[in-house]
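Engineer: Handing you a structure now.
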Amino acid sequence: MGECMNKFDKGVIAVVLIMSMSLFGLSKTVIDTANAQNAVAVVSYFDKEIQRFNLNENKFHTVKGKLGDVVIEIKDGSVRVADEISPKNYCQTQGWVKHTNTPIVCLPNGIKIQLQNTVVATDEDIKVK
């Protein structure tokens, strides 16, 4: 049981470390891809889209939720719930969202805000050579 690692074991560990560092480095690329530079805020009420807001316009919007009005603030390409009526105000505490992979879900009010890229991939973007 007191055997040391051989060259193969060390090689496997080195490969695993290199792959994990590469994947960690690529995660920044994935996050940048999910940014909201060309996105709109899509507001849904119980999975039915009710509004779309441009993220380039700094302003407040009000939508009706199950428990009352939900005030949505858009500023500098980010979105947040500024005010709402719910038991624990989880929607407000989530804060600012600026990536398409992070929705704001306000279950008591039935409201979901998700950023959606407006850039559509074309066949030219998808072609593999």
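Engineer: Can you list the HN-Hα couplings for the stretch 46-52, worked out from phi with the Karplus curve (6.51, -1.76, 1.60; θ = phi - 60°), rounded to whole Hz and with x for Gly and Pro?
Structural biologist: 6, 6, 10, 4, 10, 8, 10
Engineer: Working out 0.36 nm times the residue gap between GLU49 and LEU23, then minus their Cα-Cα distance, what length gain in nm do you get to one decimal?
Structural biologist: Working: separation 26, 0.36 × 26 = 9.36 nm, distance 3.51 nm.
Going from the current span to full extension adds 5.9 nm.
Engineer: Around ILE74, what is the net charge, scoring Lys/Arg as +1 and Asp/Glu as -1 over all other residues with Cβ under 12 Å from its Cβ?
Structural biologist: +2
Engineer: What is the sum of charges around SER86, taking Lys and Arg as +1, Asp and Glu as -1, for the other residues whose C-beta is under 13 Å from the C-beta of SER86? Can you show the working numbers first?
Structural biologist: Details: positive: LYS66, LYS88; negative: ASP69, ASP83, GLU84.
Charge balance in the 13 Å sphere: -1.
Engineer: Convex hull over the alpha-carbon atoms of the stretch 62-107: what's its volume per residue in Å³? Intermediate results must be reported in sequence, preceding the final value.
Structural biologist: Details: hull volume 3.2 nm³, N = 46.
In the stretch 62-107, the Cα convex hull volume per residue is 69 Å³.
Engineer: What ranking, highest mean first, results for peptides 106-116, 73-83, 52-62 when packing means the other Cβ atoms within 10 Å averaged over each residue?
Structural biologist: Numbers: 106-116: 19.7, 73-83: 17.6, 52-62: 12.9.
Highest to lowest by the protection proxy: 106-116, 73-83, 52-62.
Engineer: Please compute the modelled spin-label separation between HIS61 and ASN117, points set 7 Å along Cα→Cβ, answer in nm with one decimal.
Structural biologist: About 2.1 nm separates the two model spin labels.
Engineer: Then there's this: If each residue of separation counts as 0.36 nm, what is the full-extension length gain between LYS75 and ALA14 once their alpha-carbon separation is subtracted?
Structural biologist: Values: separation 61, 0.36 × 61 = 21.96 nm, distance 4.50 nm.
Stretched out fully, the LYS75 to ALA14 stretch lengthens by 17.5 nm.
Any read-out appearing in this document is the output of simple, stated calculations on the displayed coordinates, not a laboratory observation. Note that the structure is predicted; figures quoted are calculated from it, not measured. Neighbour counts run over all protein chains shown; Cβ positions are idealised from the backbone, glycine included.
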